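Some notes on the structure that comes next.
The values are calculated or read from the model by the stated rules, or taken from the named source; none is laboratory data. A quick note: this is a predicted structure, and the numbers were derived from the prediction, not measured. No Cβ is skipped: glycine too gets one built from the backbone with ideal geometry, and neighbour counts run over all protein chains shown.
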């Protein structure tokens, strides 16, 4: 009579082999990750559909005074103006963008003083504390050359705000805002803000200079309604 391995024993041996293989793979992965940390240098990866032996990559540092930093600041200013002044009919979207939490755009990009002034506007109060009795949609547009320097990290920003409510379109308004940027090198950037504000720039001053060219009119766009 031939000796044969009973099915339960065979299954047990197979499971032992699978477990041993998994432990070896896990050990190799842990060792690889251990050698990778700490992550103290940038590493560039390329995903290509076909190999290329002629590809050349050149890396350049971005000096603090480089024009690229100025372009980045101008892009940040546009995004800040939109986050603060564009209004959506979706109240949940607005509350997520305007709420007083570290991950909210206006809160993350403003100093405490600037955000406190922002939180005193009528529109902020209406959207954060109650459900408005109207639907309002207000996009923001910029013309070419809308951002001009006014000194070190000071900028004048011109934009137009169009609004529509349930009764139709409200007259557009042209605003000139003067704001100051600051970069705190010791500031901690939130994980959720790592892509849209990796340098941790904040708006430390925000002043309405004129409305439709009238320097006597200092009405905030969020106090129009």
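Taking only pairs six or more apart or across chains, which ones have beta-carbon atoms under 7 Å, a first residue in segment 127-144 that is over 17 Å from residue 79 (Cα atoms), and a second residue that is part of a strand (DSSP E or B) and at pLDDT below 80?
Filtered contacts from segment 127-144: 134/165; 135/165; 136/165.
Taking interchain pairs and intrachain pairs at least six residues apart, which have beta carbon atoms under 6 angstrom, with the first residue in segment 1-18 and modelled with pLDDT under 80 and the second assigned to a helix (DSSP H, G or I)?
Nothing qualifies.
Tell me yes or no: at least one residue of segment 95-115 is touching a residue at least 40 places away in the same chain (Cβ under 8 Å), assigned to a loop (DSSP other than H, G, I, E, B) and farther than 20 Å from residue 209 by Cα.
yes
Looking only at segment 189-207, count how many residues are under 16 Å from the mean Cα position of the chain (by Cα) and either modelled with pLDDT of 80 or more or over 18 Å from residue 115 (Cα atoms) (or both).
Total meeting the criteria: 11.
In this structure, does residue 29 turn out to be over 24 Å from residue 122 (Cβ atoms) and at pLDDT 85 or above?
It is true that residue 29 is over 24 Å from residue 122 (Cβ atoms) and at pLDDT 85 or above.
Just to be sure, is residue 123 at pLDDT 85 or above, closer than 21 Å to residue 164 by Cα, more than 21 Å from the chain's Cα centre (by Cα) and in a helix (DSSP H, G or I)?
yes
If I filter segment 140-167 down to residues being surrounded by 15 or more Cβ atoms within 10 Å (Cβ to Cβ) and more than 19 Å from residue 209 (Cα to Cα), which single residue comes out as modelled with the lowest pLDDT?
Per the criteria, the residue is 165.
Quick test for you: out of 170, 178, pick the one residue that is on the phi < 0 side of the Ramachandran plot, surrounded by 12 or more Cβ atoms within 10 Å (Cβ to Cβ), modelled with pLDDT under 90 and part of a strand (DSSP E or B).
170
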